[in-house]
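A.B. asks: Here's a structure for you.
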Amino acid sequence: MTAVDLRMAQRPNAPMTTYRYDEYDAAFVRERVAEFREQVRRRLSGALTEEEFRPFRLMNGLYLQLHAYMLRVAIPYGTLTARQMRRLADIADQWDKGYGHFTTRQNLQYNWPKLVDTPDIMEALADVEMHAIQTSGNCIRNVTADHFAGVAPDEIEDPRPTAEFLRQWSSLHPEFSFLPRKFKIAVTGAEHDRAAIMVHDVGLRIVKNDKSQIGYQVVVGGGLGRSPFIGKVVGDFVPREDLLAFLEAIMRVYNRFGRRDNKFKARIKILVHEKGIEEIRAAVEAEFAAMDRSVFSHDPAEFERIAAFFAPPPYETLPAASSAMGAAKLETPAFANFVDVNVSAHKIPGYAIVTVSLKPIGGVPGDATSEQMRVLADASERFGFGELRVSHEQNIILPHVKQDDLFALWRMLDAAGLATANAGLVSDIISCPGLDYCALATARSIPIAQAISKRFSDMSRQRRIGKLGIKISGCINACGHHHVGAIGILGLEKKGQESYQITLGGDPTFSASIGEILGPGVTAEQAPDVIEHLVDFYLAERQEGEAFIDTWRRLGHSRFKDVLRREGEDGADI
Amino acid sequence: MAAFKHPQILIASNLTDGEVVFLGPLGWERDHRRARVAQNAEEAAALEALGKRDISANRVVDVYLADVEIGKDGAPTPLHYRERMRVRGPSVRLDLGKQAAASGGAP
């Protein structure tokens with residue numbers, strides 16, 4: 001593959017809806033690939049030991065997992081072009097096993113790359129302005145954002161220019177390349193949080209003050225993992241011109257006071273928890289006041305230059321509702337269900353946001369075959385200005401689809417096994433790779449997701465249950481976000497066996513909450529039964545308009561615990 | 001050194017492709033059934049020494065001993081489910097890799 005591969009060329013008439021590398025970006029990424037190629041050569045020759053090489057490979061997103069190496073490719077704020085998606089498919093075919101796994105951090109992981117091939121893979125990524133830098137290590141990781149960015153009706157401002165600004169600021173930042181631990185930032189510009197900003201090291205919420213000026217509410221110290229915490233507001237309204245300096249001040253406070261003596265207490269959430277938000281806020285404000293802010297001074301022209309990359313595509317002027325879509329819904333119930341469940345309102349009349357579920361019944365959450373990736377790329381070009389998004393829920397978003405085109409798109413997706421109408425429903429399960437792939441995992445998570453998905457395979461039953469987030473992690477590191485699942489499942493080892501701890505009441509949105517443990521762990525075989533009992537109890541008890549989390553909050557945790565206790569007494573052995 | 005309680009085999013990851021390998025009589029094997037089995041602490045120490053030698057020779061990484069039980073066919077099976085997973089491959093995508101061979105390719 002080369003940069004002049006015509007098949008990979010950007011369509012000449014494609015609108016620019018995503019950031020494009022400038023000469024500096026392109027040269028930097030190429031240099032990094034060349035550097036890594038040399039590091040791999042030295043490792044294979046024995047000039048570098050594994051201890052010496054390990055930090056280098058991790059800085060480039062290359063892990064050694066349970067069965068093979070794993071390469072984590074950064075997808076900045078989850079935005080992809082059709083050209084990039086095709087390249088990901090080609091890499092999967094040429095150097096992996098024909099599939100990839102979209103993650104809860106809007107990245108893509110290849111599970112089977114060979115070390116000897118990774119420099120070529122990175123070269124192929126660089127061809128399409130992608131890389132794997134800072135997808136591992138104690139640095140600022142890939143900045144994530146609302147996957148409906150730029151198209152959501154509830155949006156104050158598109159968060160992607162801010163996210164790109166932060167990506168450039170944080171990439172190879174010399175002060176922040178060796179932080180106490182990894183650091184994750186998420187940005188949303190909407191009234192509803194689709195980016196889980198309350199459980200990130202720093203969460204940014206774009207807000208307007210009473211003078212209609214744009215600024216940021218800055219949340220710090222959120223996180224999942226071994227010790228879950230909801231973030232706390234450290235800055236109520238940080239003007240745009242102060243954002244970088246304010247974040248720099250947070251990072252300096254963390255870098256100075258964050259614990260390096262204990263890996264499990266090194267995240268900023270522990271610092272915020274131990275010191276208290278008032279002390280952290282005072283330290284940040286003191287640093288902000290004392291620092292030379294001139295080097296971080298806001299350059300409106302540069303921000304506007306970046307924002308211009310995310311300009312809206314050339315939408316047509318259309319009626320608010322498509323009669324063609326309405327007619328197709330009447331004729332084809334499966335399409336009607338797809339529209340009702342997987343299609344969201346768009347800020348432009350006549351357009352829609354489409355969530356393509358990567359959660360077929362019994363499938364592996366987040367996995368897509370290379371052929372499916374190509375179908376998605378084709379679909380985005382044919383129906384959506386060549387743009388795609390990856391959601392932290394491990395689905396793919398087509399953000400600009402004409403309602404008139406939805407039926408044709410649905411047929412295309414359906415033929416590729418990509419039309420499962422379950423976005424946000426009980427089978428739209430977030431799951432980490434778990435012990436099927438991950439060296440850190442203590443139990444499998446994918447088979448649990450598959451079993452629950454199959455248990456609820458009746459789609460009409462799923463629609464009757466309504467929105468319900470099940471999230472599964474295969475270890476305490478919580479990559480599957482189980483703490484913020486309305487139903488969370490954590491895989492652990494108990495007496496040499498896989499055991500699953502269930503939590504209820506988690507919420508990843510602005511009303512964030514950490515789930516509470518239901519009771520003793522259950523076996524893999526029992527897990528679907530337990531989930532089904534909980535869902536049945538919810539259905540029996542819910543009031544009009546209540547989602548699972550609402551009913552749980554109204555009735556209280558003990559009522560749900562009682563359900564399982566009764567089931568156990570009845571001989572269900574739970 | 002931990003007390004020797006069970007027969008052991010030496011597991012590692014191959015440096016160039018990262019795949020799981022087992023130390024056999026003639027070198028590193030992809031099939032655990034050909035692994036050398038240590039029956040006592042001295043034999044386990046000898047396996048570990050060979051592992052360290054091959055780390056230095058840049059053949060393998062992440063080398064460690066795993067407890068096994070010996071089946072009727074004489075083949076070792078790890079006692080812990082994590083290592084059994086490494087032997088068999090993922091329990092998903094049964095159409096691919098060594099898990100396909102183990103499962104007969106059933107999806």
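Please treat every number below as a calculation from the coordinates, not as lab data. Model, not experiment: these values are computed from the prediction. Quick reminder, even Gly has a Cβ in these numbers, built from the backbone with ideal geometry, and neighbours come from all protein chains shown.
A.B. asks: So how do A:276-285, A:75-84 stack up, highest first, on mean other-Cβ count within 10 Å?
C.D. replies: Ranked from most to least packed, the peptides come out as A:75-84, A:276-285.
A.B. asks: Hey, another quick one. Which whole-angstrom value gives the distance between the alpha carbon centres of the range A:70-139 and the range A:229-260?
C.D. replies: 30
A.B. asks: Using the charge dipole of the range A:436-574 (Lys, Arg: +1 at Cβ; Asp, Glu: -1 at Cβ; taken about the Cα centre), state which of A:449, A:496, A:534 has its Cα farthest towards the positive end.
C.D. replies: The Cα lying farthest towards the positive end belongs to A:449.
A.B. asks: Three principal axis extents, largest first, for the C-alpha atoms of the range A:23-127, in Å?
C.D. replies: Projected onto its principal axes, the Cα set of the range A:23-127 covers 40, 37, 24 Å.
A.B. asks: Quick check for me: using +1 on Lys/Arg Cβ and -1 on Asp/Glu Cβ, what's the dipole size of the range A:323-415 about its Cα centre, in debye to the nearest 20?
C.D. replies: For this selection, approximately 140 debye.
A.B. asks: Roughly what would the spin-label model give for residue B:53 and residue B:33, points 7 Å off Cα along C-beta, in nm?
C.D. replies: 2.7
A.B. asks: Quote the FRET efficiency, to the nearest 0.05, computed for residue A:297 versus residue B:5 with a Förster distance R0 of 56 Å and r equal to the Cβ-Cβ distance.
C.D. replies: FRET efficiency, residue A:297 to residue B:5: 0.30.
A.B. asks: Size of the dipole of the protein assembly as shown about the Cα centre, Lys and Arg at +1 and Asp and Glu at -1 on the beta carbon, nothing else charged, in debye to 20?
C.D. replies: For the protein assembly as shown, the charge dipole is close to 1120 debye.
A.B. asks: Quantify how strongly other chains surround peptide A:62-69 by giving the mean number of their Cβ atoms within 10 Å of each of its Cβ atoms.
C.D. replies: 5
A.B. asks: Taking amide H positions as placed 1.01 Å from N in the peptide plane, with prolines and chain starts having none, which residues 5 or more places from residue A:234, or on another chain, fall under 5 Å of its amide H?
C.D. replies: Correct list: A:218, A:219, A:220.
A.B. asks: Between residue A:316 and residue A:256, how many nm apart are label points set 7 Å from Cα along the C-beta direction?
C.D. replies: Taking the simple label geometry, residue A:316 and residue A:256 are separated by 5.9 nm.
A.B. asks: For every helix of n ≥ 4 consecutive DSSP H residues, a contribution of -39,500 (n - 2.57) applies; sum these over chain B, divide by its total residues, and give [θ] at 222 nm rounded to the nearest 500 deg cm²/dmol.
C.D. replies: Per the formula, -8500 deg cm²/dmol.
A.B. asks: Highest first, please rank the peptides A:136-144, A:242-250, B:41-49, A:203-211 by the mean number of other Cβ atoms sitting within 10 Å of their residues.
C.D. replies: Going by the mean number of other Cβ atoms within 10 Å, highest first, we get A:136-144, A:242-250, A:203-211, B:41-49.
A.B. asks: Here's a follow-up. Got a sec? Charge dipole of the protein assembly as shown, +1 on Cβ for Lys and Arg, -1 for Asp and Glu; which of A:243, A:420, A:118 is way out at the positive end?
C.D. replies: A:118
A.B. asks: Now for a different question. Among A:388, A:523, A:310, pick out the residue whose Cα is farthest towards the positive end of the charge dipole of the protein assembly as shown, where Lys and Arg carry +1 and Asp and Glu carry -1 on C-beta, about the Cα centre.
C.D. replies: Of the options given, the answer is A:523.
A.B. asks: Distance from the Cα centre of the range B:20-92 to that of the range A:390-417, in angstrom?
C.D. replies: Each part's Cα centre sits 46 Å from the other's.
A.B. asks: Counting each DSSP H run of 4 or more residues in chain A as -39500 (n - 2.57), what helix-only mean residue ellipticity at 222 nm follows after dividing by all residues, to the nearest 500 deg cm²/dmol?
C.D. replies: -11000 deg cm²/dmol
A.B. asks: OK, next. Can you tally the net charge around residue A:416? Count Lys and Arg as +1, Asp and Glu as -1, for every other residue whose Cβ sits under 12 Å from the Cβ of residue A:416.
C.D. replies: With Lys, Arg at +1 and Asp, Glu at -1, the net is -1.
A.B. asks: Also, I was wondering about something else. Eigenvalues of the Cα gyration tensor times 5, then square-rooted: what semi-axes does that give for the protein assembly as shown, in whole angstrom, largest first?
C.D. replies: Value: 38, 32, 28 Å, ordered largest first.
A.B. asks: Name the lysines eligible as straight-distance cross-link partners of residue A:454: C-alpha to C-alpha under 18 Å, and not fewer than 8 places from it in the same chain.
C.D. replies: A:359, A:467, A:471
A.B. asks: Among DSSP bridges having both ends in chain A, what percentage is antiparallel? Round to the nearest 5.
C.D. replies: Taking every DSSP beta bridge with both residues in chain A, the antiparallel ones total about 80 percent.
A.B. asks: What average count of beta carbons from other chains do you get within 10 Å of the Cβ of residues in B:13-25?
C.D. replies: Across the residues of B:13-25, the mean count of other-chain Cβ atoms within 10 Å is 4.
A.B. asks: So, in nm, how far is label residue A:361 from label residue A:290 when the simple model puts each one 7 Å beyond its Cα toward the Cβ?
C.D. replies: 6.2
A.B. asks: Okay, next question. To the nearest whole percent, what portion of all C-alpha pairs in the range A:133-206 is separated by more than 15 angstrom?
C.D. replies: Within the range A:133-206, distances greater than 15 Å cover 51 percent of Cα pairs.
A.B. asks: Taking a point 7 angstrom from the Cα of residue A:154 along the C-beta vector, which residues in the range A:492-515 have backbone N less than 18 Å away?
C.D. replies: Hits in the range A:492-515 for residue A:154 at 18 Å: A:506-513.
A.B. asks: Equivalent ellipsoid semi-axes for the range A:190-232, as square roots of 5 times the alpha carbon gyration tensor eigenvalues: give them largest first, rounded to whole Å.
C.D. replies: One finds semi-axes of 24, 10, 6 Å for the range A:190-232.
A.B. asks: Multiply the residue gap between residue A:378 and residue A:544 by 0.36 nm, knock off their C-alpha separation, and tell me the result in nm, one decimal place.
C.D. replies: Here the segment from residue A:378 to residue A:544 would lengthen by 55.7 nm.
A.B. asks: Only Lys, Arg, Asp and Glu count, each charged at its Cβ (+1, +1, -1, -1), so figure out the dipole size of the range B:8-102 about its Cα centre, rounded to 20 debye.
C.D. replies: 220
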